[in-house]
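Peer 1: I'd like to ask some things about the structure below.
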Amino acid sequence: MRVIDSHTEGEPTRVIVEGGPDLGAGGMDARIARFRTAYDDVRKAVILEPRGSDALVGALLCEPTRTDCATGVLFFNNTGYLGMCGHGSIGVAVTLAWLGRIGRGVSRLETPVGVVAVDLIDDNTVTVENVPSYRYRQDVTVEVAGLGRVTGDIAWGGNWFFLVKEAPCPLELTYERELTSAALAVMRALRDQGIGGRDGGEIDHIEFFAEPHDAGADSRNFVLCPGGAYDRSPCGTGTSAKLACLAADGLLAPATDWVQESVIGSRFTARYRLADDGAIVPSITGRAFVCAETTLVRQDNDPFRDGIA
Ligand code: PYC
């Protein structure tokens, strides 16, 4: 399998550009279901150690079902499959440009949760216009083991997020373990107490916020992804969910820039336009850099052919 690795503001993406599974025809939902049931070994081999890492998000390119899309994309990680991935879309756009498959300007990617537009501004800078995003519930309080009562908003940004304004400790990498275990405890409490997204979807991303370090940013975040790794970037779908909450609270007007800083200090600049149904359509600008072109090898006699599960 030939893959191209990039990182978007520090968060890695691995795009399968050759030799990935053929998921056949049918809608994106049917294809992701086929990936899950017939080729989960490929997901594991690509993402898990010794070939990958917990922070990695994979992207499988496929034929789009829509003629206005450059490609279909299925995102996956160390525990399963993602509806959408903001940093991953930026990584895919920069990878497609690296391969000469798209040029400057707007191209469209078909994902299982809708079409996203990627505007390639230069070799590294991309603006992703995400799927419509919205706040589902405000000020939901959950009892969390070891933390007590934690209050947050539930919002959709292409994945389900629980957004907590009061971080349990400083948003610094030196507190990575504390932040990770607090966010995992919140994720577990939401699941155990039956609190989910509008469609009953699992809230599998937890976001803590604090004041930014840099004067040019509006906020700093720590985002825990479903498989227990934190997002090195400010998280595209997480920033979309944040914008939906800011818009719902009347704290950010349409077309106004919001600079979201990650726990490693990298940034996305985001803004939104209003959608018809009270949702917003966020646009996220960030940079990705290609860092490897690799052939992954899975030998038949390798005990970790399918990764270390
Ligand atoms: O950027 O949307 C994102 C994302 C989701 C999980 C990791 N990154």
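Bear in mind that the values in this text are calculations on the coordinates, not laboratory data. Bear in mind that the values here come from a model prediction, so they are computed numbers and not experimental data. Please note: Cβ atoms are built from the backbone with ideal geometry, for glycine as well, and neighbour counts cover all protein chains shown.
Peer 1: Placing +1 at every Lys and Arg Cβ and -1 at every Asp and Glu Cβ, with all other atoms neutral, what dipole size does the chain have around its Cα centre, in debye to the nearest 20?
Peer 2: 360
Peer 1: Roughly what angle does helix 236-248 make with the longest principal axis of the chain, taking Cα atoms, 0 to 90 degrees, to the nearest 10?
Peer 2: With both axes taken from Cα atoms, the answer is about 30 degrees.
Peer 1: Give me the base-10 log of I(q)/I(0) for the chain at each q in 0.13, 0.14, 0.16 Å⁻¹, Debye formula, one uniform scatterer per Cα, rounded to two decimals.
Peer 2: Each listed q corresponds, in turn, to -0.89, -1.04, -1.36.
Peer 1: For the pair residue 137/residue 79, report the inter-label distance in nm, with labels modelled 7 Å from Cα in the Cβ direction.
Peer 2: 1.8
Peer 1: Please arrange 153, 192 by counting, for each residue, the other beta carbons lying within 10 Å of its beta carbon, fewest first.
Peer 2: Arranged by neighbour count, lowest to highest, 153, 192 become 192, 153.
Peer 1: Could I ask something else about it? Report the label-to-label distance for residue 249 and residue 188 in nanometres (one decimal), using points 7 Å from each Cα along the Cα→Cβ vector.
Peer 2: Calculated label separation equals 2.8 nm.
Peer 1: Find the centroid of the Cα atoms in segment 206-222 and in segment 271-309, then give the distance between the two in whole Å.
Peer 2: Result: 23 Å between the Cα centres.
Peer 1: Between helix 28-38 and the chain, what is the angle of the helix's C-alpha long axis to the longest principal axis, kept within 0 to 90° and rounded to the nearest 10?
Peer 2: 70
Peer 1: While we're on this one: Let me have the relative contact order for segment 134-274, percent, based on Cα pairs under 8 Å that are six or more residues apart.
Peer 2: After rounding, I find 23 percent.
Peer 1: Can you give the FRET efficiency for residue 298 and residue 147, using 1/(1 + (r/R0)^6), R0 = 41 Å, r = Cβ-Cβ distance, to the nearest 0.05?
Peer 2: 0.50
Peer 1: Would you mind finding the longest exposed-site-free stretch of the chain, with exposed trypsin sites (Lys or Arg not before Pro) meaning DSSP loop and at most 15 other Cβ atoms within 10 Å?
Peer 2: 199-297
Peer 1: Give me the net charge of residue 13's neighbourhood, meaning all other residues with Cβ under 13 Å from the Cβ of residue 13; Lys, Arg count +1, Asp, Glu -1.
Peer 2: -1
Peer 1: Along the Cα→Cβ direction, 7 angstrom out, place labels at residue 121 and residue 33. What is the inter-label distance in nm?
Peer 2: Roughly 4.0 nm, to one decimal.
Peer 1: Ok, one more. Compute the angle between helix 176-192 and the longest alpha-carbon principal axis of the chain, please, reported from 0 to 90 degrees and rounded to the nearest 10.
Peer 2: The helix 176-192 is inclined about 90 degrees to the chain.
Peer 1: Here is a follow-up. Near residue 306, within a Cβ-to-Cβ distance under 11 Å, what is the net charge of the other residues, with Lys and Arg +1 and Asp and Glu -1?
Peer 2: In short, +2.
Peer 1: If you don't mind, another one. How do 164, 15 line up, fewest other C-beta atoms within 10 Å first?
Peer 2: 164, 15
Peer 1: Oh, and also: In percent, how large is the relative contact order of segment 1-158, given Cα pairs closer than 8 Å and 6 or more residues apart?
Peer 2: 17
Peer 1: Shifting gears a bit: Would you list 206, 284 from fewest to most Cβ contacts within 10 Å?
Peer 2: Least to most surrounded, the residues fall as 206, 284.
Peer 1: Take the alpha carbon atoms of segment 1-70, find their center, do the same for segment 174-201, and report the distance between the two centers in whole angstrom.
Peer 2: For segment 1-70 versus segment 174-201, the Cα centre distance is 26 Å.
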